[in-house]
1. Of all helices (runs of 4 or more DSSP H) completely enclosed by segment 173-260, which ones contain at least 2 residues that are of a type in the set (Gly, Ala, Ser) and either assigned by TED's automatic domain parsing to the domain that holds GLU45 or on the phi < 0 side of the Ramachandran plot (or both)?
2. Right, ALA124: assigned to a strand (DSSP E or B) and either surrounded by 21 or more Cβ atoms within 10 Å (Cβ to Cβ) or in contact (Cβ under 8 Å) with a residue 12 or more places away in the chain (or both) or not?
3. Would you be able to say whether some residue in segment 77-97 is hydrophobic (A, V, I, L, M, F, W, C) and loosely packed, with under 14 Cβ neighbours inside 10 Å?
4. Looking only at segment 138-160, count every residue that is touching a strand residue (DSSP E or B) at 6+ places or on another chain (Cβ under 8 Å), touching a residue at least 24 places away in the same chain (Cβ under 8 Å), not in a strand (DSSP E or B) and not β-branched (Val, Ile, Thr) and tell me the total.
5. Filter segment 1-27 down to the residues that are closer than 16 Å to ILE368 by Cβ and not in a helix (DSSP H, G or I) and list them by number.
Amino acid sequence: MSERKICVVTGTRAEYGLLYPILKVIESVGKLRLQIIATTMHLSEEFGLTYEKIEGDGFIIDDKIENLLSANTRPSIAKSTGLATILLSDSFQRLQPAIVLLLGDRFETHAAATTAMLMNIPIAHIHGGEVTEGAVDEQIRHSITKMSNLHFCSTQEHKQRIVQMGEDPSKVFNTGAPGIDNIINFELLSKSELESCLDWYFGPKSALFTYHPVTLSEDDILSDLRQIFQALKAKSLNVLFTYANADTGGKIVNKEIEKFCQEDCNKYKVVKSLGQLRYLSAMKYTDVLIGNTSSGIIEAASFNKPVINIGDRQKGRQRSGNIIDCKIDSLEESISFALSVDFQEEVQKVKNIYGTGNSSRRIVNELIRQPLSVVKKFVDIK
């Protein structure tokens, strides 16, 4: 029996980090052949040329798709999506995968799903069924679900939601979140190793900050960031910043963070791409996570860390008991609450609803076992 070719399309540093344990398991089994297509932010110097990290981890990239336009406007994102569709059709035609494996809900992921569907290539989708009412990711995620043939979701609630959308329950698997596997499998850096690597120190109290734009007006984004920076200064936190994604308004966020960090290089540090090892190590040693990124919702509970989730970007996403939801104008008070003795003690009791690991093995087992077909039926709920 010939090896089943699994083509993984990845466009961002964060998404690759979640895919990493799955890629390692695929490579370790004899029945599958791994193919990787790197797109979008991976090929951008602005975001750290993170395809080099993929290659540095020992993986072979079968194709590189340069589809990201320089502007961060709605039309440019739409054009980047269209360009990805055109270029991916050539890649899929050449690579002839048996199935395309996708994670999440970004625009290049939607392009990959659309292309595979139109080329009659089965699709397996990870992290479907989730809800994020404050971002366009919501529509993208659910539309990918309807194009996909196998579904690997992270909780029972998400499985139920996929089934509600008419998907065959026998093709929907609650595997837990693959990002948890990295926490279990990685040998994280020590605090001193990480500080030396970053040339930055955690200090008495520290925060890990990742913030993606939600609003579409530049004035709104700038106003939001001014309030956020004011709150961070008021609480005297040492803050490690990561870059926002290549979404509408992302460049504005990154530019303002760079400017803010120049005010005090000892307290504030920005890194374009930490990578999973340094990111998870930072998550372990900081006192609080601040921002609106999914990693705070999904992975931080495994470290029993408080997370301040700003605004509506993650609204509706299932969460553990370590999350504090707040508006920007109450960020200062939320930081005080997150660092309080009472809440710190409460967070230590939290169990991560997204699983305890081994998600990657469950996913790969189904990629080996499941018959592949592009034929779908809509299953009504009885």
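1. Working: elements: 179-185, 191-198, 218-234.
Of the helices (runs of 4 or more DSSP H) lying wholly inside segment 173-260, those with at least 2 residues that are of a type in the set (Gly, Ala, Ser) and either assigned by TED's automatic domain parsing to the domain that holds GLU45 or on the phi < 0 side of the Ramachandran plot (or both) span 191-198, 218-234.
2. Values: assigned to a strand (DSSP E or B): yes; either surrounded by 21 or more Cβ atoms within 10 Å (Cβ to Cβ) or in contact (Cβ under 8 Å) with a residue 12 or more places away in the chain (or both): yes.
It is true that ALA124 is assigned to a strand (DSSP E or B) and either surrounded by 21 or more Cβ atoms within 10 Å (Cβ to Cβ) or in contact (Cβ under 8 Å) with a residue 12 or more places away in the chain (or both).
3. Our first condition is that a residue be hydrophobic (A, V, I, L, M, F, W, C); within segment 77-97, this holds for 77-78, 83-84, 86-88, 92, 95.
Then drop every residue that is not loosely packed, with under 14 Cβ neighbours inside 10 Å, which leaves 78, 86.
Scanning segment 77-97 turns up at least one residue that is hydrophobic (A, V, I, L, M, F, W, C) and loosely packed, with under 14 Cβ neighbours inside 10 Å.
4. Start the filter on segment 138-160 by keeping residues that are touching a strand residue (DSSP E or B) at 6+ places or on another chain (Cβ under 8 Å), which leaves 144-145, 147-156, 158-159.
Going one step further and asking which of them are touching a residue at least 24 places away in the same chain (Cβ under 8 Å), we end up with 144, 147-155, 158-159.
Keeping just the survivors that are not in a strand (DSSP E or B) gives 144, 147-149, 154-155, 158-159.
Checking which are not β-branched (Val, Ile, Thr) leaves us with 147-149, 154, 158-159.
Going through segment 138-160 one residue at a time, the tally reaches 6.
5. MET1, SER2, GLU3, ARG4, LYS5, ILE6, CYS7, VAL8
The values are calculated or read from the model by the stated rules, or taken from the named source; none is laboratory data. Since the structure is predicted, the reported quantities are computational estimates derived from the model, not experimental observations. Cβ atoms come from the backbone with ideal geometry, glycine included; neighbour counts cover every protein chain shown.
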